[in-house]
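Colleague: Sharing a structure, written as structure tokens. Questions coming.
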Amino acid sequence: MDGAGAPRYSIAMKKGDHLFLVDGSGFIFRAFHALPPLTRKSDGLPVGAVSGFCNMLWKLLTDARDTSVGVTPTHFAVIFDYSAKTFRKDLYNAYKANRSEPPEDLVPQFGLIREATRAFNLPCIETEGYEADDIIATYARQAEAIGADVTIISSDKDLMQLVTPNVHMYDSMKDKQIGIPEVIEKWGVPPEKMIDLQAMVGDSVDNVPGIPGIGPKTAAQLLEEFGDLDTLLARANEIKQVKRRENIIANAELARLSRRLVQLRTDAPLDMPLDALVLEPQDGPKLIAFLKAMEFGTLTRRVAEACDCDAGAIEPAQVKVEWGPAARGPDLDAGASAAAPVRAANGTGAADIYGDNRPAELAKARAEAFATARIDKSCYVTIDDVEDLDDWIRAARETGIVAFEAEGTSIDPMLSEIVGISLALADNTHNPSGLDVRAAYVPLGHKTGSDDLLGNGRADNQLTAGEVLGRLKPLLEDTSVLKVGHNLKYAYLLLKRYEIEIKAYDDVMLMSYVLEAGKGGHSLDSLSDRWLGHMPASFKDVAGTGKSSVSFDMVEIDRATVYAAEKADLALRLAMVLKPWLTAEHLTRVYERLERPLVCTLARMEERGITVDRQILSRLSGELAQKAAAIEDEIYRIAGERFTIGSPKQLGDILFGKMGLPGGAKTKTGQWSTSAQVLEDLAASGHEFPRKIVDWRQLTKLKSTYTDALPGYIHPQTRRVHTSYSLASTTTGRLSSVEPNLQNIPIRTAEGRKIRTAFISTPGNKLVSADYSQIELRVLAHVADIPQLRQAFADGIDIHAMTASEMFGVPVEGMPSEIRRRAKAINFGIIYGISAFGLANQLSIERSEASEYIKKYFERFPGIRDYMDSTKEFAREHGYVETIFGRRAYYPDIRSSNPQVRSFNERAAINAPIQGSAADIIRRAMVRMEPALQAAKLSARMLLQVHDELIFEVEDGEIDKTLPVIITTMEQAAMPAIAMKVPLKVDARAAANWDEAH
DNA sequence: CCCCAACCGTA
DNA sequence: GTACGGTTGGGGG
């Protein structure tokens, strides 16, 4: 029904006509989740999905009226779900029972999107008791019968069963046509078999049961073999795999029911006949009035231009919105922007990316415009002569901003050789809104596929590395030209090895990390998907996968151009969107002080690496092997058979089956746990066998993870180990270390510590380890402002003993170690967002006793409870928490109705400001360390970071002068931004290896 | 060849 | 109870 009730005329549909059917409901959910979540009107009304919807419709209609595009609809309708109650619910009561309530930000947008449809002068259709999909199916089949073509604007797999030679689907967000070949490619079956495939696979979102254990791949294979579901069910006994056969036979009825659920009706009652869907002309003023009411500046302007209307003369429409205060976003700065008039983001060419003085408006307009802007890969060019390259460099200097990406032979920048460089520039010569980006790829190290005795030949039509890098070096090192990239540390390290040191840069990965830590990944793929509605080509697409994959120098230059240029293009677009957003969210300082400078700081640390003594590791490996073998023999002897000790499943069978030991905990898959905790408990109750398993595990763990693996990371040329620090992979702001992970080198056991002796200084130098003492408890004392804790740290007394003394009334002097141990566990528990369950586990005590401890603790330190409560409340209200330097950590699930999920998020939210503030402090120290050492004319080199510890290599003669510089820089790191209420304390010492230095 | 679960190393 | 990454076994392709 068209709620607006505007009279529509109708023209009989005929052969050759083209009907567009937009899956409105599908689009709403997709747009809501795909688009930047922050899009709001100035009064706080969330309109992200509305914005995406309007942009999509406008683009479809503009293309449609542009006859050169080829596909021109004659009829057009937008279809919505009427309500959740449909005939399917009568078939199967659990249908869509899993559906949770729509997000509260989405609720007010349902009505608005229907309003938008009417503003576009399009029929808005919904029918009680039927899903949008059934209406679409009915229209599609009717139109097809007349001989018209149909395009369904959706990417929902449920609609793919409708695809025929005359019925296509179009994914407007990915700009992708879906026809018969695409369905086959994605699902392995042609569209007419989609119903049977879905019936077997089921759908957890809609709660379509399907056959358990059958996924898309298996289903496609079975349909290939048997033709259709009925034949399969009739001949199921021919299936060879036992489990699968039994499964299918047992669930045949479920499959038939599922088929009835997924099969779309083509006989839904239609309130509006096909002929009435004729596409009417745009009513410019009506549409503009609506867009103005929504404050979609960019789109308003575009529509006004296209319709030749004066937008300024049109009053915003009165749009009635049903949304209560609950729908209002909590992070809205209503006071600042409520009264602000909407201003179109005019003239936002590249030159003023950073210069707008209304950041929130600019950020919003940018995100809105870029979310739907088309990415035209056909304009990417390959640069193969120096004049062209010089032109691009000149243009980059004029614009002042260039995005770039360095392609190499390996993902490890220390082992990679440069293969090419892509560049992207904002080009506002054609489009004053600054949306056009042009990009190019400069190949310089591509090889031909044919190899002869001399190896692979050099590919034709490319400049030499010398020519290219010689020209790019001045640009990349020019502090007045901003270089934009994604994960710039890679390019920084790669180019550093070619004597280029990138200066003046922005990294969109880090912008995203600052804006959205905890909300999702920060890879170029996820950022493009989230902010630009575009999925870039994957590396696998160009280089192949698995064994048949090739390094980038073996990729054909044309293909490489599209892949590499796209990355630079996307990085530039993302910077144009995210940089204003940083300003709008007041996160620029976090980005500029805590993130950006670490790119080159960390790159230099990684480049230096650390010496690992191969002999020591080899000797240790031998010792571990011998000890493990001896224990292995005893294990087999006691067990009475040989088995795979490393298999928890087999071990569980031996322990709790054959040997009949009492089982303790279960894993989440229902197996008996064989964790160290369980085995220790068994050992404590007098069984010697589990002890041996624990010992064996320790030895084999040390061997496989450390002594055997580390030598493989020694670089062939530098002879050192170069870890890679990930700047954007934790929610709290900590770094992580990979390939190898040098942040988990053993220390707790004597056996494990030996591995640290293999980390050595070069002759004439020592390793210096400097670590913060109790930094997280100090941060806690600061943020929660606990008088006793502050006093204890000020006086330098044992913090755990003080806690024990407060709680249990035992004097610090002569305190029993068990009492102190418990207090220590409680202190750590507090930092981790304590639960009675967790504390009980940690201390092996009853949960009731743990509850008593916690109660007592809160009585003695009421400020801690206040801190925890207010942190939880802040997180619930804002969806994120903050460190003392303003870094955010998002916890989107903190409002979950599942108590387990919610509690977990609450504990994480309590921990994040503490862990994250400590992480920020050491980041600040690291950024200042190199200048501080330089100022003191010291040659110490910072090599590693392990969360609260920094490791340096220092010349023997400089150690005495260096230690105070390191200590002071670390202890003063919070200043002047934050005056800590407790002093920070750093311990440092020098030795020939890491074990003795720590 | 890829993915997941279980386990365990660090702060 | 927080935050990570790596190895192994095992299931499936």
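The values are calculated or read from the model by the stated rules, or taken from the named source; none is laboratory data. Since we're looking at a predicted model, the values are computed, not measured. For neighbour counting, all protein chains shown are included, and Cβ atoms are generated from backbone atoms with ideal geometry for every residue, glycine included. Just the protein is used for accessible areas: all its heavy atoms, side chains included, with ligands, DNA and RNA removed. Shrake-Rupley method; radii C 1.70, N 1.55, O 1.52, S 1.80 Å.
Colleague: Based solely on its DSSP helices, what 222 nm [θ] is calculated for chain A when runs of n ≥ 4 H residues each add -39,500 (n - 2.57) and the sum is averaged over all residues, nearest 500 deg cm²/dmol?
Modeller: For chain A, the value works out to -14000 deg cm²/dmol.
Colleague: Here's a follow-up. Report the label-to-label distance for A:VAL107 and A:ASP987 in nanometres (one decimal), using points 7 Å from each Cα along the Cα→Cβ vector.
Modeller: Roughly 5.5 nm, to one decimal.
Colleague: Okay, moving on. Once both axes come from the Cα atoms, what is the angle between helix A:216-226 and the longest principal axis of chain A, in degrees from 0 to 90, rounded to 10?
Modeller: Rounded to the nearest ten degrees, it is 50.
Colleague: Another question, then. Pop out the Kirkwood hydrodynamic radius of the range A:730-836 from its pairwise C-alpha distances, inverse of mean 1/r, in Å to one decimal.
Modeller: Answer for the range A:730-836: a Kirkwood hydrodynamic radius of 16.9 Å.
Colleague: Hey, can you rank A:289-296, A:583-590, A:12-19 by average C-beta count inside 10 Å, highest first?
Modeller: Averaged packing, sorted descending, gives the order A:289-296, A:583-590, A:12-19.
Colleague: Within the range A:898-970, report the GluC sites (Glu not before Pro) that DSSP leaves as loop and that have at most 16 other Cβ atoms within 10 Å.
Modeller: Here no GluC sites (Glu not before Pro) fit, given the DSSP loop and packing criteria.
Colleague: Evaluate Rg over Rh across the range A:493-622, taking Cα atoms for both radii and Kirkwood's formula for Rh.
Modeller: 1.07
Colleague: Quick one: if you stick a label point 7 Å off each Cα along the C-beta vector at A:ALA250 and A:PHE29, how many nm between them?
Modeller: Spacing of the two 7 Å Cα→Cβ label points: 2.9 nm.
Colleague: Post the alpha-carbon centroid distance, the range A:118-166 to the range A:752-789, in whole angstrom.
Modeller: 64
Colleague: Count the DSSP beta bridges whose two residues both fall in chain A, then state the antiparallel fraction as a percent rounded to the nearest 5.
Modeller: About 65 percent, rounded to the nearest 5.
Colleague: Further question: I'd like the distance separating the alpha-carbon centroids of the range A:872-912 and the range A:662-728, in whole Å.
Modeller: First find each Cα centre; the distance between them is then 31 Å.
Colleague: Here is a further query. What does the accessible area of A:PHE539 come to, in Å² to the nearest 10, when a probe of 1.4 Å is used?
Modeller: 90
Colleague: A:ILE966: accessible area at probe 1.4 Å, nearest 10 Å²?
Modeller: 0
Colleague: A further question follows. Hand me the trypsin sites (Lys or Arg not before Pro) from the range A:352-423 located in a DSSP loop with no more than 15 other Cβ atoms within 10 Å, in residue order please.
Modeller: When the trypsin sites (Lys or Arg not before Pro) of the range A:352-423 are filtered for loop state and at most 15 Cβ neighbours within 10 Å, A:ARG374 remain.
Colleague: Can you list which of the trypsin sites (Lys or Arg not before Pro) found in the range A:707-752 are DSSP loop residues with at most 13 other C-beta atoms within 10 Å? Before the final figure, lay out each step's value.
Modeller: On the way: sites: A:ARG719, A:ARG720, A:ARG734, A:ARG748; in loops: A:ARG719, A:ARG720, A:ARG734, A:ARG748.
Those that pass, being in a loop and sparsely packed, are A:ARG719, A:ARG748.
Colleague: List the residues, sorted by chain then number, that are 5 or more residues from A:SER736 or on another chain and whose placed amide H is less than 5 Å from its amide H.
Modeller: Long-range HN contacts for A:SER736: A:SER726, A:SER729.
Colleague: At A:THR667 and A:ILE180, where each label point lies 7 Å from the Cα along Cα→Cβ, what is the point-to-point distance in nanometres?
Modeller: Distance between label points: 4.7 nm.
Colleague: Using +1 at the C-beta of Lys and Arg and -1 at the C-beta of Asp and Glu, which of A:ALA639, A:SER729, A:PHE759 has the Cα lying farthest in the positive direction of the dipole of the range A:634-787?
Modeller: It is A:PHE759, whose Cα lies furthest towards the positive end.
Colleague: Let me ask you something else. Tell me which residues come under 5 Å, amide H to amide H, from A:VAL22 once H is placed; ignore anything under 5 positions away on its chain.
Modeller: Those qualifying (amide H under 5 Å, at least 5 residues apart or on another chain) are A:ALA77, A:VAL78, A:ILE79, A:ILE153.
Colleague: Given that compact globular proteins tend to follow 2.2 N^0.38 Å, what is the ratio of the alpha-carbon Rg of chain A to that value?
Modeller: Cα-based Rg divided by the globular estimate yields 1.06.
Colleague: Could you work out what % of the accessible surface of chain A is carbon and sulfur, using a 1.4 angstrom probe and leaving DNA, RNA and ligands out of the count? The partial results should precede the final answer.
Modeller: Details: 21820 of 43160 Å².
Roughly 51 percent of what the probe reaches on chain A is carbon or sulfur.
Colleague: From the phi of every residue in the range A:107-118, what ³J(HN,Hα) in whole Hz does the Karplus formula 6.51 cos²θ - 1.76 cosθ + 1.60 yield, where θ is phi - 60° and glycine or proline is x?
Modeller: Whole-Hz 3J(HN,Hα) from phi for the range A:107-118: 3, x, 7, 4, x, 4, 6, 5, 4, 4, 4, 5.
Colleague: Something else: Suppose accessible area is computed on protein heavy atoms with a 1.4 Å probe; arrange A:CYS124, A:CYS309 from highest to lowest. Write out the running numbers ahead of the final one.
Modeller: Numbers: A:CYS124 0, A:CYS309 35 Å².
From most accessible down to least: A:CYS309, A:CYS124.
Colleague: Contact order normalised by length for chain A, with contacts defined as Cα pairs under 8 Å and 6 or more residues apart; what percent is it?
Modeller: On the way: 1664 pairs, mean separation 91.2, N = 998.
Dividing the mean separation by the residue count of chain A yields 9 percent.
Colleague: I've got another one for you. Give the angle, between 0 and 90 degrees and rounded to the nearest 10, that separates the Cα long axis of helix A:132-146 from the longest principal axis of the Cα atoms of chain A.
Modeller: Its long axis makes an angle of about 40 degrees.
Colleague: Sticking with this structure for a sec: Evaluate the charge dipole of the range A:696-800 about its Cα centre and quote only its size in Debye, nearest 20, assuming +1 on the Cβ of each Lys and Arg and -1 on the Cβ of each Asp and Glu.
Modeller: The calculated dipole for the range A:696-800 is roughly 480 debye.
Colleague: Let me ask something else. As a quick test, which of the pairs A:LYS547/A:LYS692; A:LYS243/A:LYS668; A:LYS59/A:LYS483; A:LYS649/A:LYS703 have an alpha carbon distance above 30 angstrom in this structure?
Modeller: Details: A:LYS547/A:LYS692 40 Å; A:LYS243/A:LYS668 22 Å; A:LYS59/A:LYS483 32 Å; A:LYS649/A:LYS703 22 Å.
Beyond 30 Å between Cα atoms: A:LYS547/A:LYS692; A:LYS59/A:LYS483.
Colleague: OK, next. Give me the accessible area per residue for chain A, probe 1.4 Å, as a whole number in Å².
Modeller: Accessible area per residue: 43 Å².
Colleague: Go through A:ILE401, A:ILE146 and list them by solvent-accessible area, largest first, probe radius 1.4 Å.
Modeller: Working: A:ILE401 15, A:ILE146 70 Å².
Final ranking, largest accessible area leading: A:ILE146, A:ILE401.
Colleague: Report A:SER155's accessible area, 1.4 Å probe, all protein chains in place, as a number in Å² to the nearest 10.
Modeller: 40
Colleague: Follow-up. When you count, for each residue, the other Cβ atoms within 10 Å and take the mean per peptide, how do A:516-523, A:916-923, A:698-705 rank with the highest first?
Modeller: Values: A:516-523: 19.8, A:916-923: 25.9, A:698-705: 18.2.
Ranking, from highest mean packing down: A:916-923, A:516-523, A:698-705.
Colleague: Lys/Arg Cβ at +1, Asp/Glu Cβ at -1, dipole of chain A taken about the Cα centre: which of A:MET975, A:ALA77, A:VAL599 is farthest positive-ward?
Modeller: A:MET975
Colleague: Right, something else. Could you tell me which of A:PRO662, A:GLY686, A:LEU270 has its Cα farthest along the dipole of chain A towards the positive end, charges placed at Cβ (Lys, Arg +1; Asp, Glu -1), taken about the Cα centre?
Modeller: A:GLY686
Colleague: Also: Dipole size in debye (nearest 20) for chain A around its Cα centre, Lys and Arg Cβ +1, Asp and Glu Cβ -1?
Modeller: So the magnitude is around 2520 debye.
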